Every structure is written in structure tokens, then in C-alpha cells.
1. Evaluate the Debye formula for the range 125-191 with equal point scatterers sitting on the alpha carbons, no solvent, and hand back log10 of I(q)/I(0) at q = 0.16, 0.24, 0.28 Å⁻¹, in q order, two decimals.
2. What lysines sit close enough to Lys85 to cross-link, taking a C-alpha to C-alpha distance under 21 Å and skipping anything fewer than 8 places away on the same chain?
3. Quick check: convex hull over the Cα atoms of the range 103-230, volume per residue in Å³, rounded to an integer?
4. Treating only the Cα positions of the range 61-140 as identical point scatterers, give the base-10 log of I(q)/I(0) from the Debye formula at each q in 0.11, 0.27 Å⁻¹.
Amino acid sequence: HEPRALAKNTTRHTRRTASTTRHPIIMRYTLPFLLTASAHAAGLSKEEFASILSSDADNEMEHMTTQSIEDTWSTASMQAWEVAKNLSESDDVASPFIACSAQGNSGYARKQSLSSVFTKDNGSTLAEFPIYNSSDKTCYHLMARGSVVSDVLESADMLAVEPMSPLMKIRKGTIAAASNAASRSQMNVRISTTFGPGIDSAAAATSIVDKLQGQESSVENQEFIAEAFPYSNFEEFTLESFESPSTLFNSLDVPDDAMESESATFIVTTPVGSRSDLLAVIAGIAAQPEVVSVELMGDIGF
């Protein structure tokens, strides 16, 4: 797995600024990665990430032991590194990362240090504004090839870079909102999606719809679920009779007026009858490399 460098002389922050058989696909990203988790260098821990952004993992992992949380987080992180590496090598595609610098005495100085190593020349794009800024570190969204990040970290100082796994992209409250939408058989559920810096939102939205509507079996859907919700013990995600959400995938639409410069709103135009189907659609969107954030929006029945 790819190495990651720890930011030196930094502290953790707690304040944010901004039948019944378990399906083998669900376990696919568990055992192989957990066996090597302890030997994998840390980028951002679960606690460090939670101080920067919120995700549904915050709520869903509360009932787990500290060791289980660390193992699950390491599993998701290592899988994200593998995805970034593979996209870089096979398709020459950039992936989303969170890049934090502790170099310098100001947010401006830290952005300059990040901009000096993640450049247009190596195909990287750093966000214009930080997602976290404190007295000792500043963090940005970053789009870069996995191979570039790996090379930078070999000689990096006071830098931490974490690939964004699908579970990191799903904002807090999304699971509860999906449950409410399904209980009401809600139509026109809106999924707000933010893209990484430098991404063409119109092109990305169109590409994502095409990819998701091209899924022809429930196997891919289960893989999305396994990556987005590795901590879950939701019964509907572990049954052999997993229901394919192809109907919802095929109903996805992104109206022209729902696109902005860095985001788009996907609309599920058919009634939502199953939470698992809606969460599979959300997971499918979160799995795409162009995406850095996904959440349900509007009236979801709270």
C-alpha cells in the first residue's frame, strides 16, 4: 500500500470549522486489509478527520470499540489508496485527497507550501479555500494522481495527505434522511454532490449518471455499499437477496439548472421504496473519483 507522511508537531483538534447468510462481497474489503492495518502508516486518523469534516461515520461508529473503529478506518483508508493508485496507473485519472500542511506560521504560508509540490505541471489541483484552518495546520481538498501524491510524500515534511474514501464523502445525517425518504416513498429525492477542485461539474455529473445507469448487476452495487458503509450491520446489506437499485439508478437526472461551478444536484425521479436502494445510489455517487461530498437535501421528513 502507498505510504503516507504524518504532519510533525501537530495536535488533534476537536472543533470543526466548516435468507440470512452474509454476502461475501460485503466482507471483501475487511479481512485482507485488517491483517495489514497495524503496519500501515497513518495519514489522518478518524479523530483528526472528524475535526475537519463531518460524515455519517461519526454517528454509525459510535457503538464500536476503539480497536474496531481504528481497524475499520484503516481498512477504508487503504482501500482508497489502492483505488487512487489503480486509477493513476490504469487510467491516468486524479483522485480526491485531503492535504494538510503544518509548515509555516499562517494559512497562507501553508497553502504556498502545498501549492509548491502539488502543481499544474504534475496534474494536481488544490482548492482555492481551506476546509480547515487553525494555528498549527491548514487543510485543503486536493485532486491529484495517486502516483504523484506517493512521490511527494517520499520527501515531504510537515505534511499529511489522506485519500477520500466513499465513507468520508457521505455527510452526517444521510442515513437517517434516506430512512425517512424510504418510509414516505418520497419522489424527487435530491442528492447534493460537491466535486473536487478543477472538476468540470457538468461533464462529471453526466459521466456519473452514465456510469451508474450502466451497472448491469447487483454485484457492483454491493461493492459500492461495502466501500461506503464498511462499519454497517444493516441487515439489508448483508442478505443474499440484496435488492438491486437499478430502478433508482435509471431514474437519476441532473437538470441543467441544478448544476453549479463546483456542484450538482442529482434527482431520483421515481418513488423511493427501499432505504438500501437509495443508500446504494448515494454510495455509487460517493464512489466516483470526481466527488468529495454527498448528502440528501430538502424536505426529508424530519
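Every number here is computed from the coordinates shown, using simple stated rules; none is lab data. This is a predicted model, so every value here is computed, not measured.
1. Taken in order of the listed q values, log10 I(q)/I(0) reads -0.75, -1.15, -1.33.
2. Once the sequence-local lysines are set aside, what remains near Lys85 is Lys120, Lys169, Lys211.
3. Taking only Cα atoms, the range 103-230 has a hull volume of 159 Å³ per residue.
4. Log10 I(q)/I(0), no solvent term: -0.42, -1.12.
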